[in-house]
Amino acid sequence: MSSNYITLEDFSKLDIRIGKVLKAEQIPGSRKLIRLEVDIGGEVRQLVAGIGDRYRPDELVGKKVVVLTNIQPKRIFGVLSQGMLLAADVDGKPYLLTVDTPDEVPVGAKVR
């Protein structure tokens, strides 16, 4: 048995929601960091994500993404990040977790 297991109670502490990217821009001076404004359902959050090697800011706008909303805010490259985009890591490259039926899944829907 792995000591890395978490309980269902641990998982329930995570507030993971569907968000919609409203705005995205490269952070000046960084080739990887993108500043995003994401609607998480009644609230717009600013996020910083190191996905600039894989995604252009213009292709992110309008995407529905998966966001961890209750992670402690952190200043990254001088910009406050108020959440975390979830992505799969394949050979060091991020692949954003997105919704494949965006019209059916509302912004703010909880992931469980």
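Taking the range 57-112, which residues are in contact with a helix residue (DSSP H, G or I) (Cβ under 9 Å, 6 or more places away or on another chain) and modelled with pLDDT under 95?
The answer is 112, and nothing else.
Please go through the range 57-91 and give me each residue that is assigned to a loop (DSSP other than H, G, I, E, B), open to solvent by 30 Å² or more (accessible area, probe 1.4 Å) and on the phi < 0 side of the Ramachandran plot, ordered by number.
61, 63, 70, 71, 72, 73, 82, 86 - these are the residues of the range 57-91 that are assigned to a loop (DSSP other than H, G, I, E, B), open to solvent by 30 Å² or more (accessible area, probe 1.4 Å) and on the phi < 0 side of the Ramachandran plot.
Do we find that residue 54 is open to solvent by 20 Å² or more (accessible area, probe 1.4 Å) and within 15 Å of residue 94 (Cα to Cα) in this structure?
Judged against the criteria, residue 54 is a match.
Can you find even one residue in the range 3-16 that is closer than 20 Å to residue 95 by Cα and open to solvent by less than 50 Å² (accessible area, probe 1.4 Å)?
yes
Of the numbered conditions (1) assigned to a loop (DSSP other than H, G, I, E, B); (2) at pLDDT below 95, residue 10 satisfies every one except a single condition; which is it?
For residue 10, the failing item is (1).
The values are calculated or read from the model by the stated rules, or taken from the named source; none is laboratory data. Since we're looking at a predicted model, the values are computed, not measured. Heads up, the Cβs are rebuilt from the backbone with ideal geometry, glycines too, and the neighbour counts pull from every protein chain shown. Each accessible area value is taken on the protein alone, full model and side chains, heavy atoms only, with ligands, DNA and RNA left out. Shrake-Rupley method; radii C 1.70, N 1.55, O 1.52, S 1.80 Å.
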